[in-house]
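The values are calculated or read from the model by the stated rules, or taken from the named source; none is laboratory data. Since the model is a prediction, treat every value here as computed from it, not as a measurement. Cβ: placed from backbone, ideal geometry, glycine included. Neighbour counts: every protein chain shown.
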Amino acid sequence: MSDKTMSAEEVVGRLESGMTIGIGGWGSRRKPMALVRALLRSGITDLTVVSYGGPDVGMLAAAGRIRKLVAAFATLDSIPLEPHYRAARESGSLELMEIDEAMFMWGLHAAANRLPFLPVRAGIGSDVMRVNPGLRTVTSPYEDESTGVHETFVAMPALRMDAALVHVNRADRLGNGQYLGPDPYFDDLFCEAADTAYVSCEQLVDTIGTAEPAKAAAAPQTLLVKRHSVTGVVEAPGGAHFTSCVPDHDRDESFQRLYATTPWPEFAERFLYGNEKDYQSAVQAWHEERR
């Protein structure tokens, strides 16, 4: 077992233009934003992004880094539609595979199990099939005992990825990751469905479960990401900002409003000009200005 710790810049150094990148979290919740910001500082482009979309999608779209997006939605939660995603769709600057949330999940399951597809009922009878003409259906070889019918399903293709980026509350040097909030989302599936996976965390600990035992020991199932599926670990306090990462911090709603209402060039120039430390300092300075 080896020490998998690395910096955000080392993670991005292993990525390339044209890759398919999965980004964990959900909407504006527990997104690996420090890794996304490091990706924005690189010259990497022409990406296929697979995400339950939030500001990760919005920022990469605004910067012109996404060629194709695979998503069930792109939202900031308290702001229903991610504004930079909307602008990218209205301008036609990216290709979109828009699918049902359950279809997305089963696409991750298929990839994690190295299957070409999995049958799913979601999508049948909806416009998902119309807007994704490449999707196929499959008929069950087994007759339903009660109806005598061979049911038809959507054959949801595997969402295989070159790399996955996720953020958790705690991780150890071996690659085990733990969430302490109310929802695991699908970060474990992202890691298992990708060829490589990089986990950023609020705090690096010696052993999962030993730090803050009142939080960690109460729910053993919070050990979410297993080391066998992780390539690298990055300690990034505040690395989910401005999305939430409870119980460590809530969503920074005032800063999210600023992001959503500020022209992208202006926002990027002020907050994304330097490294992660520069970003955190610029955010702190903005909050102090408001006070």
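Just a few scattered comments:
- Residues of the range 69-87 satisfying the condition of being within 13 Å of residue 56 (Cβ to Cβ) and small (Gly, Ala, Ser): 71, 74
- Just one of (1) touching a Gly at 6+ places or on another chain (Cβ under 6 Å); (2) free of Cβ contacts under 8 Å to residues at least 40 places away in the same chain; (3) buried (at least 24 other Cβ atoms within 10 Å of the Cβ) fails for residue 57. It is (1).
- The range 248-284, subset assigned to a loop (DSSP other than H, G, I, E, B) and under 19 Å from the mean Cα position of the chain (by Cα), residue farthest from residue 170 (Cα to Cα): 252
- Selection count, the range 138-152, where residues are part of a loop (DSSP other than H, G, I, E, B), surrounded by 12 or more Cβ atoms within 10 Å (Cβ to Cβ) and not acidic (Asp, Glu): 1
- For residue 129, the conditions (1) out of contact with any Gly (no Cβ under 7 Å at 6 or more places or on another chain); (2) aliphatic (A, V, I, L, M); (3) surrounded by fewer than 20 Cβ atoms within 10 Å (Cβ to Cβ) all hold with the exception of (1).
- Put simply, of 87, 102 the only residue that is modelled with pLDDT of 95 or more, in a helix (DSSP H, G or I) and exposed (fewer than 15 other Cβ atoms within 10 Å of the Cβ) is 87.
- Qualifying residue in the range 155-165 (condition: free of Cβ contacts under 8 Å to residues at least 60 places away in the same chain, in contact with a helix residue (DSSP H, G or I) (Cβ under 7 Å, 6 or more places away or on another chain) and either of a type in the set (A, V, I, L, M) or part of a loop (DSSP other than H, G, I, E, B) (or both)): yes
- Test for residue 189: is it assigned by TED's automatic domain parsing to the domain that holds residue 57, in contact with a Leu (Cβ under 6 Å, 6 or more places away or on another chain) and under 14 Å from residue 240 (Cβ atoms): no
- Residue 173 being outside the structural domain of residue 32 (by TED's automatic domain parsing), of a type in the set (D, E, K, R) and at pLDDT 95 or above: no
- Applying the condition of being in a strand (DSSP E or B) and under 17 Å from the mean Cα position of the chain (by Cα) to the range 200-234 and asking which residue is modelled with the lowest pLDDT yields 224.
- Test result for residue 114, in a loop (DSSP other than H, G, I, E, B) and among the basic types (Lys, Arg): yes
- Breaking point among (1) closer than 21 Å to residue 19 by Cα; (2) touching a helix residue (DSSP H, G or I) at 6+ places or on another chain (Cβ under 9 Å); (3) surrounded by fewer than 20 Cβ atoms within 10 Å (Cβ to Cβ), for residue 135: (1)
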